[in-house]
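Visitor: One structure coming up, written as structure tokens, with questions to follow.
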Amino acid sequence: MSGHSKWATIKRKKGALDAKRGKLFTKLIKEITVAARLGGGDPAGNPRLRKAINDAKSNAMPADTIQRAIKRGTGEIEGAAYEEVLYEGTGPGGTLFLIEGMTDNRNRTVAEIRKIFEKHNGTLGSSGTAGWAFDRKGQIVLAKEAATEDQLMEVAVGAGAEDYADNGDEWLVTTPPDELDAVVKALEGAGIAVKSSSLAYVPKAKKPISGRDAEVALNLADALDDHDDVQNVYSDFDISDEEMAKLAGA
């Protein structure tokens, strides 16, 4: 989300991420299963599955757990039939939210997501409520010391990246959705370590919020992210460093 790194930082400060290992594994397993179902069980020919496996390994998921998820996706063993869903809604202060999820029961999930919005001064909307405010992009995160600006120009932009940005101790490289895999391969081929890569919804414009709206928007984003059927949460809100410091100390 806009301010996603800020949101992640405040969660880390509160120690929330360490308590969510089980939920993280659930989300990773779902992604592996769906990726294998849609693109086959061979990661060499399935970029989405390859990335899902790499994400699972980087979070210390056991190899046999990964293999079972792949086999469930390809139908070699029985398992829940997950389908991808995308929800759109509004939050406090006119903020907009997109939620990517995977579920084996659409009716249950949409009812639960609606309740989360209502509890945090928001509304779950219909298709088109928030999607217009976002662009679909590939995003690659690199440690600042992993590459120079000249290397990013030569390797990343040369392989199809649209832009890169200095985010303090990290570089954020942005690509068209269909160029993400090619740019990651180009960077790794040049010996440049990639911290993470993903397809994301990027807000076309950021919406500054503060005070109670900022607090409730963060709580809404956190509650949505905590739901078992939610894979990713995106929003257009932006909270200043000063405001974030107040909230972190609250």
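Visitor: Does I113 meet the test of being open to solvent by less than 30 Å² (accessible area, probe 1.4 Å) and in contact (Cβ under 8 Å) with a residue 40 or more places away in the chain? It would help to see each step written out before you state the result.
Guide: Numbers: open to solvent by less than 30 Å² (accessible area, probe 1.4 Å): yes; in contact (Cβ under 8 Å) with a residue 40 or more places away in the chain: yes.
Yes.
Visitor: While we're on this one: Quick test of your reading of the structure: G93 fulfils all but one of (1) at positive phi; (2) modelled with pLDDT under 90. Name the failing condition by number.
Guide: For G93, the exception is condition (2).
Visitor: Quick one: in region 134-154, of everything that is basic (K, R) and touching a residue at least 60 places away in the same chain (Cβ under 8 Å), which residue is most open to solvent (accessible area, probe 1.4 Å)?
Guide: R136
Visitor: Looking at (1) under 30 Å from K206 (Cβ atoms); (2) at pLDDT 85 or above; (3) touching a Pro at 6+ places or on another chain (Cβ under 9 Å), which is the only condition R48 fails?
Guide: (3)
Visitor: Answer with yes or no whether A165 is out of contact with any helix residue (DSSP H, G or I) (no Cβ under 9 Å at 6 or more places or on another chain) and open to solvent by less than 50 Å² (accessible area, probe 1.4 Å).
Guide: yes
Visitor: Just to verify a result, which residue in region 96-109, among those that are over 30 Å from P208 (Cβ atoms) and of a type outside the set (S, T, Y), is surrounded by the most Cβ atoms within 10 Å (Cβ to Cβ)?
Guide: The initial filter retains those residues of region 96-109 that are over 30 Å from P208 (Cβ atoms), namely 102-109.
Retained after the next criterion (residues that are of a type outside the set (S, T, Y)): 102, 104-108.
Working: M102: 21, D104: 13, N105: 13, R106: 12, N107: 8, R108: 11.
Per the stated criteria, the residue is M102.
Visitor: When you check G131 against the structure, is it touching a residue at least 12 places away in the same chain (Cβ under 8 Å) and within 17 Å of the chain's Cα centre (by Cα), yes or no? Before the answer, list the steps.
Guide: Values: touching a residue at least 12 places away in the same chain (Cβ under 8 Å): yes; within 17 Å of the chain's Cα centre (by Cα): yes.
The answer is yes for G131.
Visitor: What residue, of K30, K71, K51, is in contact with a strand residue (DSSP E or B) (Cβ under 8 Å, 6 or more places away or on another chain), open to solvent by 20 Å² or more (accessible area, probe 1.4 Å) and more than 30 Å from R212 (Cα to Cα)? Give the steps one after another, and end with the answer.
Guide: Numbers: K30 fails: open to solvent by 20 Å² or more (accessible area, probe 1.4 Å); K71 fails: in contact with a strand residue (DSSP E or B) (Cβ under 8 Å, 6 or more places away or on another chain).
Sole residue among the options that is in contact with a strand residue (DSSP E or B) (Cβ under 8 Å, 6 or more places away or on another chain), open to solvent by 20 Å² or more (accessible area, probe 1.4 Å) and more than 30 Å from R212 (Cα to Cα): K51.
Visitor: Within region 33-48, how many residues turn out to be among the hydrophobic types (A, V, I, L, M, F, W, C) and crowded, with 16+ Cβ neighbours inside 10 Å? Full working, then the answer.
Guide: Residues of region 33-48 among the hydrophobic types (A, V, I, L, M, F, W, C): 34-36, 38, 44.
Filter once more, keeping what is crowded, with 16+ Cβ neighbours inside 10 Å: 34-36.
Summing the residues that are among the hydrophobic types (A, V, I, L, M, F, W, C) and crowded, with 16+ Cβ neighbours inside 10 Å in region 33-48 gives 3.
The values are calculated or read from the model by the stated rules, or taken from the named source; none is laboratory data. What you see is a predicted model, and the numbers here were worked out from it, not measured in a lab. We place every Cβ from the backbone using ideal geometry, glycine too, and count neighbours over all the protein chains shown. With ligands, DNA and RNA removed, areas are computed over all heavy atoms of the protein, side chains included. Shrake-Rupley method; radii C 1.70, N 1.55, O 1.52, S 1.80 Å.
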